[in-house]
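To start, the structure itself, in structure tokens.
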Amino acid sequence: MASAEDGGGVPTDGFCDERFDAVRVAFAANFAEQGELGAAVCVIHRGEVVVDLHGGWADPARTRPWAADTITDFYSVGKGLLSLLLLRLVDRGEVGLDDPIASVWPEFAAGGKASATVRHALTHRAGVPAIRRHLNDDDLFDWSTMTGALAATEAWWPPGEQLAYHVNTFGHLVGELVRRIGGADPGEALAALAGPLGADVHFGVPSDQQHRCADTVWDEAFRIPAFDLDRLEGLNLLHALAHFNPPGYSSVGVMNTPRWRSLPLGSTSGHGTAAGVARIYSALLDDDRLLSPALLRAATTVQAVGHCPILDDELSYGLGFATTTDRRRLGPNPGAFGHYGTGGSLGFADPVDGIAFGYVMNHVIPRWQSTRNRALIDAVYRSLHR
């Protein structure tokens, strides 16, 4: 059991197997030395929970201690979970990876996107990392308005040609495919999957559960530039639209509101616990429990790799899951897969060592792979291989 005085007087609690005490030490150091406000980390090793720690504060005023059931916005960690929902429909034969998106969503064929496939959607190559029509935050909370605008958008590149991270549009693109093919919106579909696993993760937090939400605090290092969309062009326009069209697409100006927490946008507004994220990834390592072995192999093998003009970085993707790279390592072993979220939240699975990992926090810093999650990952593998 972790001490209530860990992290320089910051309240911490939970379970840590003595074999993994290095993780407890690293978790405490994140509070003492790395500016952690509130956070949780969970590690499951070959089906056994070996670390489940939480600590710090759920609000910037430090009046609400982070509890075992505190949930927080984990941003793009949700992309892995949303991809899983679509992959399960592929596994059932309800749609094929190389089927055109327009075969289930006819309006999506507009703007040069008739050749875009389900595989393109999952590998960030569908050609629509941003919506061209200028939208407002009322539009953001109207699913049909957002999906209609996305379907009508002219492709920025021919589908399949360019790996361009669909920062926020991924949520409406893959989410609408899940809804049209499976008959349930992404929030309902995730609840049906997560419930039997005991995984506390949500695309759209029910109103009677929002009291459990931690307040997200963006670090002062984040500077949202002032810009006029009508004056931008080229990559500058694309970057602005991808992140801030509508203005609240990345949660700016709407985070911590009931509307944002209720939004079933799997790319950006997903909430959950670290244990909830880890339970999903642990189940993926359990043969044939969530995906067939063949599809899981395909989903976690590199399908698209290259320089992304949205992030100005090299990316590597399977089918919706990021694959481990030297730049964004998911532990030391090849074959690991998962997804980072803005600020450093992370969920991943390592089939070689049988590790499922979840980390969530509410002090968002301007990078994915942070010193905080890196320290926790390194501690896991030091513990495992000492």
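The values are calculated or read from the model by the stated rules, or taken from the named source; none is laboratory data. Computed from a predicted model, the values in this text were never measured in an experiment. Cβ coordinates were reconstructed from backbone atoms using ideal geometry, including for glycine residues, and neighbour counts include every protein chain displayed.
Here are the numbers for this structure:
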| quantity | calculated |
| --- | --- |
| In the stretch 114-128, the residues that are without any contact (Cβ under 8 Å) to a residue 60 or more places away in the chain and not in a loop (DSSP other than H, G, I, E, B) | Thr117, Val118, His120, Ala121 |
| Scan of the stretch 99-113 for residues that are among the aliphatic types (A, V, I, L, M), surrounded by fewer than 24 Cβ atoms within 10 Å (Cβ to Cβ) and assigned to a helix (DSSP H, G or I), ordered by number | Ala102, Ala109 |
| Those residues of the stretch 203-224 which are surrounded by fewer than 16 Cβ atoms within 10 Å (Cβ to Cβ) and assigned to a loop (DSSP other than H, G, I, E, B), in sequence order | Pro206, Asp219, Glu220, Ala221, Phe222, Arg223, Ile224 |
| Test result for Phe227, in contact (Cβ under 8 Å) with a residue 40 or more places away in the chain and exposed (fewer than 14 other Cβ atoms within 10 Å of the Cβ) | no |
| First in the stretch 161-174 and without any contact (Cβ under 8 Å) to a residue 60 or more places away in the chain, second anywhere and of a type in the set (D, E, K, R), Cβ under 9 Å, 6 or more apart | Glu161/Arg125 |
| Residue count for the stretch 44-94, restricted to those that are more than 15 Å from Tyr359 (Cα to Cα), β-branched (Val, Ile, Thr) and surrounded by fewer than 20 Cβ atoms within 10 Å (Cβ to Cβ) | 1 |
| Scope the stretch 129-164; condition farther than 15 Å from Lys113 by Cβ, of a type outside the set (S, T, N, Q), out of contact with any Ser or Thr (no Cβ under 9 Å at 6 or more places or on another chain) and outside any helix (DSSP H, G or I); matching residues | His134, Asp142 |
| Residues that are outside any helix (DSSP H, G or I), out of contact with any strand residue (DSSP E or B) (no Cβ under 7 Å at 6 or more places or on another chain) and at pLDDT 95 or above, drawn from the stretch 277-305 | Leu290, Leu291, Ser292, Thr301 |
| Meets criteria (buried (at least 24 other Cβ atoms within 10 Å of the Cβ) and either touching a residue at least 60 places away in the same chain (Cβ under 8 Å) or under 17 Å from Gly80 (Cβ atoms) (or both)) for Gly318 | no |
| Flag for Val178 being closer than 19 Å to Gly96 by Cα and β-branched (Val, Ile, Thr) | yes |
| For Leu193: the one exception among (1) in a helix (DSSP H, G or I); (2) at pLDDT below 90; (3) among the aliphatic types (A, V, I, L, M) | (2) |
| Of all residues in the stretch 337-364 being assigned to a loop (DSSP other than H, G, I, E, B) and in contact (Cβ under 8 Å) with a residue 24 or more places away in the chain, the one that is surrounded by the most Cβ atoms within 10 Å (Cβ to Cβ) | Ser345 |
| Subset of the stretch 121-164 [surrounded by 19 or more Cβ atoms within 10 Å (Cβ to Cβ) and of a type in the set (Ser, Thr, Tyr)] | Thr123, Thr147, Thr153 |
| Flag if Tyr317 is within 17 Å of Ala39 (Cα to Cα), at pLDDT 95 or above and in contact with a strand residue (DSSP E or B) (Cβ under 6 Å, 6 or more places away or on another chain) | no |
| Qualifying residues in the stretch 252-268 (those that are in contact with a Phe, Trp or Tyr (Cβ under 6 Å, 6 or more places away or on another chain) and not β-branched (Val, Ile, Thr)) - the one farthest from Asp185 (Cα to Cα) | Arg259 |
| Evaluation of Ala214 against (1) within 28 Å of Gly56 (Cβ to Cβ); (2) among the aliphatic types (A, V, I, L, M); (3) without any contact (Cβ under 8 Å) to a residue 60 or more places away in the chain (one fails), failing number | (3) |
